[in-house]
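S.K.: I'd like to ask you about the structure that follows.
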């Protein structure tokens, strides 16, 4: 059975792809830095470590405002990113 | 969203970042009388590799000297002590005093809101409380 070889991408398209991948990685790293800074700012603002958010809501120390839901989401994303790094 | 063009004055919800687990969408939509809707949605993959909403928070409010919340839907925290079987709930607020009506109301995963359902509810709230907005 005859097989056809897939066409080799041109040097230009390979370069474009590499640059696009690199830009995505740079954006991701910048976002993770922003996330880290935001989580630290929330901890300072509310005076509670991120590991205690849920406990603090349950015992009434913290009200679940929009900022607090963002904090929970940021902390989760940061924790997931740290898990991947390990 | 086109069906709400007459209702939304400006703003958008845009993808912010994509990580290994999914994509984060965020934005603020603005309406008449200083009413706004803050949206944050984390999309990921579900059990059958379908695209699914992992986390969401829809926060409707009114800007002004006393920025107040109209309602908030989210699944960020599970109110297990209040008997909620899952984290999908709604924070309700008194339209006159702006004070939260506690505890949050459990809505359940099957009834979790979408951007569309929240916009429909917010539009209805604005119509029902026009007398408060026009003050």
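The values are calculated or read from the model by the stated rules, or taken from the named source; none is laboratory data. Only a predicted model underlies this, so the values are computations on that prediction, with no experimental measurement involved. We place every Cβ from the backbone using ideal geometry, glycine too, and count neighbours over all the protein chains shown.
S.K.: What tally of residues in the stretch A:55-86 results from selecting those that are more than 9 Å from chain B (Cβ to nearest Cβ), within 13 Å of the chain's Cα centre (by Cα) and surrounded by 14 or more Cβ atoms within 10 Å (Cβ to Cβ)?
M.R.: 3
S.K.: While we're looking at this one, here's another question. Starting from the stretch B:77-93, keep only residues that are at the interface with another protein chain (Cβ under 9 Å from one of its Cβ atoms), then list their pairs with residues that are surrounded by 18 or more Cβ atoms within 10 Å (Cβ to Cβ) and in a helix (DSSP H, G or I) whose Cβ atoms are within a distance under 7 Å, requiring at least 6 positions of separation or different chains.
M.R.: Close Cβ pairs satisfying both conditions: B:77/A:57; B:77/A:72.
S.K.: Output yes when any residue across the stretch A:43-54 is at the interface with chain B (Cβ under 9 Å from one of its Cβ atoms) and under 20 Å from residue B:59 (Cα atoms), and no when none is.
M.R.: yes
S.K.: Given the conditions (1) assigned to a helix (DSSP H, G or I); (2) surrounded by fewer than 19 Cβ atoms within 10 Å (Cβ to Cβ), report the number of the one that residue B:122 does not fulfil.
M.R.: (2)
S.K.: Based on what the data block shows, is residue B:31 in contact (Cβ under 8 Å) with a residue 60 or more places away in the chain, within 11 Å of the chain's Cα centre (by Cα) and surrounded by 15 or more Cβ atoms within 10 Å (Cβ to Cβ)?
M.R.: no
S.K.: Check whether at least one residue in the stretch A:15-22 is under 23 Å from residue B:40 (Cβ atoms) and either surrounded by 10 or more Cβ atoms within 10 Å (Cβ to Cβ) or modelled with pLDDT of 95 or more (or both), and report yes or no.
M.R.: No, every residue in the stretch A:15-22 fails to be under 23 Å from residue B:40 (Cβ atoms) and either surrounded by 10 or more Cβ atoms within 10 Å (Cβ to Cβ) or modelled with pLDDT of 95 or more (or both).
S.K.: Ok, one more. Would the stretch B:39-49 turn up any residue that is surrounded by 14 or more Cβ atoms within 10 Å (Cβ to Cβ) and over 25 Å from residue A:27 (Cβ atoms)?
M.R.: Within the stretch B:39-49, not a single residue is surrounded by 14 or more Cβ atoms within 10 Å (Cβ to Cβ) and over 25 Å from residue A:27 (Cβ atoms).
S.K.: Give me a count of the residues in the stretch A:27-42 that are surrounded by fewer than 13 Cβ atoms within 10 Å (Cβ to Cβ) and more than 13 Å from chain B (Cβ to nearest Cβ).
M.R.: Of the residues in the stretch A:27-42, 3 are surrounded by fewer than 13 Cβ atoms within 10 Å (Cβ to Cβ) and more than 13 Å from chain B (Cβ to nearest Cβ).
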